[in-house]
Amino acid sequence: MAVQESARPEAGTRTVPTYQVLAEDIRSMGVDTVFGLMSDDTAAFAVTLDAVGVATIGSRHENIAITMGDAYAAATGRLGVVCIGRGPALANGLHAATFASRTGNPLLIIYGEAPIPHGWGNSAGPDYKALDAEGVLHAAGIRTFVPTSPQTARAALADAAAAARTGQAVALLLPVDIQQADVTVSLDEPGPDPIDAEPVQMRPGRPARDHAIRAAAAALDAAKRPLILAGYGAWKSGARDALVALAERTGALLATSAKGKDLFRGHRYNLGIIGSFSHSAARRLAAEADCVLVVGAGLNILTMSFGESLPDAPLIQVDSRRANIGRWTTADVAVVGDARIVAEQLLEAVSEKPASDRLFHSDETLAFLDAFSIATDFQPANTARTLDPRTIAVELDRMLPDRRNMVYDAGNFLGVVPYLTVPDPGYFKMTNDFASIGLGFGAALGFARARPEVPTVFVAGDGGFLMTMGELETVVREDLPLVVVLMNDCAYGAELHHLRLRQLPVAKSVFPDIDFAPVAEAFGYEARTLRTLDDLAALEPLLAAPDGPIFIDCKINADVAAPFMSEIAAAEGH
């Protein structure tokens, strides 16, 4: 598409549609990719973005477009930008927008909007797309910006992008009449400064106050079995090395939340994930801790196993935001500050303990951890026609390239999370922030776009996959390096176990055994169906160096419940 310019501009100026200036401003900001699904109220803007050199990646559903942008921001640390339509498009994508408002990733969602009303006369109608966009987005917790004229549109874009860069999902509503209106700009007027020169997680943090450090250090000095629990915030701040050094000095073991997965991978003191995704060794040793230092983790119900994962011991919580401390679980010592800086402050403040006071570093404990293998931490429940999902995960972990992105939809199959490793938390993405299924496919596409040199493995259940199966075509059209692992239990697995644990009928939660591999093949995938251990072993040559889209329909034993299913039932009194 050729960009438009009005005839006879004044000397030293040009007159162009507002949508063109906005597209050029987005390019000037350093944004090179926009995700979306065009509508009549954003079509001109979307194709102009592509015309000025900003790659536009189109999805088949608005939810997927938004989660693509959110995941792209998570994988790169840069601003994610999404462009979709108004009214029904906004309603379609509200699920994902609400999800994105909870992830903390910098995301700008640009929506079309109805023309600004002028005068009091009657108008042709009705407007079938009418929707109170600002009211709906406000209810979803999303800040909105709306220009009131072509002259204010550029400032609204700049303000919305700046707000999103603080680590939140922000909406920019663009009325169609403002988009289409001409605006005159100076030929020598510079565009906006690039906004992505410095990823969000690399920005400098702040130290904690001295009295908070002294209180935390005193609790750590008194402990003989301390546990350091690090979350995604610890990874974002670059706190790993300081926390490892602190563990050495205090005699602590190391662990993470689910979102902090594999931050300490390979370290001798590493317990892996604490909470609903813990293995047996982590559960046993965490229960023995006499002090817990939590760094950059929210302590939600999954990290806390609904209140059962951590012992009744002094809890020190470190977070850069005061409101996060004690939000879900009582903290005995609150330390407000950047995770890395606080870890370094504590390293200076704590005392060097003698070996006799570092009980978690005893030869017996370390020998136990060295001998432990998560691959043998369960009794496989394979059948003649199905496989245990944990068995599949253990084998996939061995077969796949070590450097890979792991992206998950939500559901009962999340019980496989501990068995599939990643290089660090930046290569790991869960999409359960809205306790929903069906958002993972978009997140996988966003990661694949952000890191095409690394295979992205998307793990989904058949329920969520059937909601988003049309995105199989998006993968092929955009040439994205994706491996889809379908954990197919022929059911809404979480609901199946929910009903079973309550001794209720399950028939409405189960479905026929459909073979999805031929469907994926029709879209251009190399596809396999797994039912036996021999089928699983035959995957190795295919997965050693994945090339092109791959689809694996794993027929899994529906009797295998994720640990959090029984935890939920116990918390509800069942």
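The values are calculated or read from the model by the stated rules, or taken from the named source; none is laboratory data. Since the structure is predicted, the reported quantities are computational estimates derived from the model, not experimental observations. Note that we place each Cβ from the backbone using ideal geometry, even for glycine, and neighbour counts take in every protein chain shown. Heads up: the accessible areas ignore ligands, DNA and RNA and are worked out on the full protein's heavy atoms, side chains in. Shrake-Rupley method; radii C 1.70, N 1.55, O 1.52, S 1.80 Å.
Brief remarks follow.
- Table column - 3J(HN,Hα) (Hz), the range 400-414, Karplus curve with 6.51, -1.76, 1.60, x for Gly and Pro: 6, x, 4, 8, 8, 8, 10, 10, 10, 6, 10, x, 4, 4, 4
- Charge tally in the Cβ shell below 9 Å around residue 443, where Lys, Arg are +1 and Asp, Glu are -1, residue 443 excluded: -1
- Here residue 348 and residue 479 are evaluated by their C-beta separation; at R0 = 41 Å the FRET efficiency comes out at 0.25.
- Label-to-label distance, residue 214 versus residue 402, with points set 7 angstrom from Cα along the beta-carbon direction: 4.6 nm.
- Net charge, residue 539 excluded, C-beta distance under 13 Å - Lys, Arg +1, Asp, Glu -1: -4
- Heavy-atom SASA rank of 61, 279 (probe 1.4 Å, accessible area, largest first): 61, 279
- Between helix 62-76 and the chain: long-axis angle, C-alpha atoms, 0 to 90°, nearest 10: 60
- Computed from label points 7 Å out along Cα-Cβ, the spacing between residue 189 and residue 155 is 1.2 nm.
- Loop-located trypsin sites (Lys or Arg not before Pro) in the range 263-344, at most 16 other Cβ atoms within 10 Å (DSSP): 265, 268, 321, 327
- Computed on protein heavy atoms with a 1.4 Å probe, the accessible areas place 129, 555, 259, 508 in the order 508, 259, 129, 555, largest first.
- Computed from the Kirkwood radius of its Cα pairs, the Stokes-Einstein diffusion coefficient for the chain at 4 °C and 1.567 mPa s stands at 51 µm²/s.
- Sum of side-chain charges, residue 347 neighbourhood, beta-carbon under 11 Å (Lys, Arg +1; Asp, Glu -1): -3
- Spread over its residues, the convex hull of the C-alpha atoms of the range 462-501 is 63 Å³ per residue.
- Length available on full extension from residue 55 to residue 366: 0.36 nm per residue minus the Cα-Cα distance, which gives 106.9 nm.
- Under DSSP loop assignment and at most 13 Cβ neighbours within 10 Å, longest GluC sites (Glu not before Pro)-free interval of the chain: 11-351
- Here the convex hull built on the C-alpha positions of the range 291-351 has a volume of 76 cubic angstrom per residue.
- DSSP loop chymotrypsin sites (Phe, Trp or Tyr not before Pro) with at most 14 other Cβ within 10 Å excluded, longest remaining stretch of the chain: 329-574
- Trypsin sites (Lys or Arg not before Pro) restricted to DSSP loop in the range 367-438 with at most 14 other C-beta within 10 Å: 385, 403
- Residue 566 contributes an accessible area of around 70 Å² to the protein surface, as traced by a 1.4 Å probe with all chains present.
- The Cα atoms of the range 275-384 cover 54, 35, 24 Å along the three principal axes, with the biggest extent listed first.
- Counting DSSP beta bridges with both ends in the chain, the antiparallel % (nearest 5): 10
- Note on residue 224 and residue 182: their simple-model spin labels are 8.4 nm apart, each label 7 Å out from Cα toward Cβ.
- Our estimate of slack between residue 544 and residue 32, defined as 0.36 nm per intervening residue step minus the Cα-Cα distance, is 181.2 nm.
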